[in-house]
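Take a look at the structure below.
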Amino acid sequence: MEPKRPITELDWNQTPEPVRLYILYLERALAGTQKQSEEHEKRIEKLEVQVAMDSQNSSKPPSSDSPFKRADRKKKVKKSKRAKGGQKGHKAHHRQMLEPDVQNPVLPERCKCGHSDFEGCRMDPFFTHQQVELPEIRMEVTHWVLHRCRCPQCGKSVKASLPQEVRSGYGPRFSAFVAELSGVKAMSRRDVKHLCDSVLGVSIATGTIQKIIDRASASIAPAYEKIGQAARSSECNYVDETSWFMNHVLKWLWAMVNSSVAFYRIDPHRSKEAFNRLIESWAGILVSDSYGLYRKWVHGRQACLAHLIRKADALLEREKPDLRRFGQVVGSHLRQLIQFSKDPPTPLQWKTFYAHLLFTLSLWEDDDNDAGKLARQIVREIGCLWTFLEHEGVEPTNNRAERALRFGVLWRKRSLGTQSEKGNRWVERILSLKETCRLRSKSTFQVLVECISSNFAGTQPDLSWI
């Protein structure tokens, strides 16, 4: 904006020409300085926002938070009035009484009065103390001794051949144990080797462990395909993706999760084509974040309210009062919307909430700042904010998919990803089996034993539980 000079037009015309030129020069210099100052202020504010980002006010993972900030966050959290531990009324989880292998009766020895002869007295059990111990592990080793002889008719040497189910040097249970450690527990090959040597007394090479894992991966392939079919037939799915690396080359780990199964897939891209390869012909309700690819979904979608709340919380840390005010107001509206998933609103409550939300967005929608940017984003997704109220079983956040990806993220951080396409297939299959078994309350070890046994015998495993 051109500065207003504190002199009249007549005085300006009477001012000597050199002075007027110098004043014009100063005005241009001042305007340039002000413009540069404004640009620097915007840049500083942007950098301050980036520095202040953490898992509480953005989509960054908790592992990226500074350890110094975590202590400050703990101070801000209000202490709950409830006592630590289980709350009153919660379902108790007592120690399970197992079927005993040995029972040892314990008889009283001496009474407080000093009497110690209880022969002939009636004894009644009043309490059972259960002790669980790990037995000494002795591996079951079977030698299949192959013989040969000469045919009495033609004189040729005839050799015996191994049965199909025992051609592997390690049986189904041991193979399932190695697969459990490597995949379900994400232990390194070297750690698996050390544990087998230390606990089982079996010396095994890392290369042999890899061969066992390859056989386990092939064994659970039918279960992986069945899980994919189950996911693609669900009415609602929660989808998210995270980075993955194969030989330090960026890939993407996709997850398609619902209340009964979890299906994973590693793709070279984070694109529409990769998304279509994940879902194939599925056309149900999609719960996701605000990634542009998901916003184009036309079969019904629930936007993740948790992502929007974190953006609103980020505005609470800004210096400008109007940004903080918008963050506070819209954050409370979004939290109230999530509360509606537990306590559905009455028609009057919904009408009041809807009117207040639209009025709040209209006040900030045209602003050229981060508040306006968030307001416009919410307006764009206004039809996807309360799908969970219209369809039973749909959740207001994408936390289900984010939790399902967390183990994969930790695995990637420990192992730095995979080294081959074969390794990618193993990660996809074992993650799908692990999370699906957790959702179905199934033992992954028992499922692995069943799949590997069927693979050794050349038969199909029982997948009726999926």
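The set of residues from the range 397-420 being in contact (Cβ under 8 Å) with a residue 12 or more places away in the chain, outside any loop (DSSP other than H, G, I, E, B) and either under 16 Å from residue 254 (Cβ atoms) or in contact with a strand residue (DSSP E or B) (Cβ under 6 Å, 6 or more places away or on another chain) (or both) comprises 400, 401, 402, 404, 405, 407, 408, 409, 411, 412, 418. Does the range 408-424 contain any residue that is of a type in the set (Gly, Ala, Ser), over 28 Å from residue 244 (Cα atoms) and under 24 Å from the mean Cα position of the chain (by Cα)? Within the range 408-424 (the criterion being of a type in the set (Gly, Ala, Ser), over 28 Å from residue 244 (Cα atoms) and under 24 Å from the mean Cα position of the chain (by Cα)), the answer is no, since none of the residues qualifies. Residues of the range 249-260 include none that is more than 18 Å from residue 402 (Cα to Cα) and either under 18 Å from the mean Cα position of the chain (by Cα) or touching a residue at least 60 places away in the same chain (Cβ under 8 Å) (or both). Here 427, 394 are screened, and the one residue that is assigned to a loop (DSSP other than H, G, I, E, B) and in contact (Cβ under 8 Å) with a residue 24 or more places away in the chain is 394.
With respect to the conditions (1) assigned to a strand (DSSP E or B); (2) more than 16 Å from residue 426 (Cβ to Cβ), residue 253 lacks only one, and its number is (2).
Quickly run through the range 359-374 and pick out the residues that are in contact with a Lys or Arg (Cβ under 7 Å, 6 or more places away or on another chain) and either open to solvent by 50 Å² or more (accessible area, probe 1.4 Å) or β-branched (Val, Ile, Thr) (or both). Show your work before the answer.
Filtering the range 359-374 for residues in contact with a Lys or Arg (Cβ under 7 Å, 6 or more places away or on another chain) gives 365, 374.
365 - this is the single residue of the range 359-374 that is in contact with a Lys or Arg (Cβ under 7 Å, 6 or more places away or on another chain) and either open to solvent by 50 Å² or more (accessible area, probe 1.4 Å) or β-branched (Val, Ile, Thr) (or both).
The single condition among (1) open to solvent by 60 Å² or more (accessible area, probe 1.4 Å); (2) assigned to a helix (DSSP H, G or I); (3) more than 25 Å from residue 188 (Cα to Cα) that residue 460 does not meet is (2). Within the range 185-197, residues that are touching a residue at least 12 places away in the same chain (Cβ under 8 Å) and farther than 18 Å from residue 431 by Cα reach partners that are open to solvent by 50 Å² or more (accessible area, probe 1.4 Å) and not hydrophobic (A, V, I, L, M, F, W, C) with beta carbons closer than 6 Å, at six or more positions or on different chains, in the pairs 193/206.
Only one of 186, 160, 230 is of a type in the set (A, V, I, L, M), farther than 30 Å from residue 285 by Cα and in contact with a Ser or Thr (Cβ under 8 Å, 6 or more places away or on another chain). Can you tell me which? First the steps, then the outcome.
Details: 160 fails: in contact with a Ser or Thr (Cβ under 8 Å, 6 or more places away or on another chain); 230 fails: farther than 30 Å from residue 285 by Cα.
None of the other options fit; the residue is 186.
The sole residue among 299, 307 that is within 27 Å of residue 45 (Cβ to Cβ), of a type outside the set (S, T, N, Q) and under 27 Å from the mean Cα position of the chain (by Cα) is 307. Residues in the range 138-176 that are hydrophobic (A, V, I, L, M, F, W, C), part of a loop (DSSP other than H, G, I, E, B) and within 17 Å of residue 449 (Cβ to Cβ): 1 in all. Just a yes or no: is a residue in the range 260-267 open to solvent by 20 Å² or more (accessible area, probe 1.4 Å) and hydroxyl-bearing (Ser, Thr, Tyr)? Yes, the conditions are met somewhere in the range 260-267. Looking only at residues in the range 8-42 that are assigned to a helix (DSSP H, G or I) and among the polar types (S, T, N, Q), the one that is surrounded by the most Cβ atoms within 10 Å (Cβ to Cβ) is 34.
Okay, residues lined up against (1) loosely packed, with under 15 Cβ neighbours inside 10 Å; (2) farther than 29 Å from residue 446 by Cα:
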| residue | (1), (2) |
| --- | --- |
| 233 | yes, no |
| 237 | no, no |
| 246 | no, yes |
| 256 | no, no |
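Within the range 206-218, is there a residue that is outside any helix (DSSP H, G or I), closer than 20 Å to residue 182 by Cβ and either open to solvent by 60 Å² or more (accessible area, probe 1.4 Å) or touching an Asp or Glu at 6+ places or on another chain (Cβ under 9 Å) (or both)? Scanning the range 206-218 turns up no residue that is outside any helix (DSSP H, G or I), closer than 20 Å to residue 182 by Cβ and either open to solvent by 60 Å² or more (accessible area, probe 1.4 Å) or touching an Asp or Glu at 6+ places or on another chain (Cβ under 9 Å) (or both). Of all the listed residues (445, 388), the sole one being touching a strand residue (DSSP E or B) at 6+ places or on another chain (Cβ under 8 Å), aromatic (Phe, Trp, Tyr) and either open to solvent by 20 Å² or more (accessible area, probe 1.4 Å) or modelled with pLDDT of 90 or more (or both) is 388.
Scan the range 129-166 for residues that are closer than 28 Å to residue 215 by Cβ and of a type outside the set (A, V, I, L, M) and the total you get is 13. For the range 432-442, the set of residues classified as outside any loop (DSSP other than H, G, I, E, B) and either touching a Pro at 6+ places or on another chain (Cβ under 6 Å) or open to solvent by 10 Å² or more (accessible area, probe 1.4 Å) (or both) consists of 434, 435, 438, 439, 440, listed by residue number. Residue 315 is checked against (1) modelled with pLDDT of 90 or more; (2) under 27 Å from residue 242 (Cβ atoms); (3) open to solvent by less than 70 Å² (accessible area, probe 1.4 Å) and fails just one. What number does that condition carry? Failed condition: (1).
The values are calculated or read from the model by the stated rules, or taken from the named source; none is laboratory data. From a predicted model like this one, the values you see are computed outputs, not experimental measurements. Cβ: placed from backbone, ideal geometry, glycine included. Neighbour counts: every protein chain shown. For accessibility, only protein heavy atoms count, side chains too; no ligands or nucleic acids. Shrake-Rupley method; radii C 1.70, N 1.55, O 1.52, S 1.80 Å.
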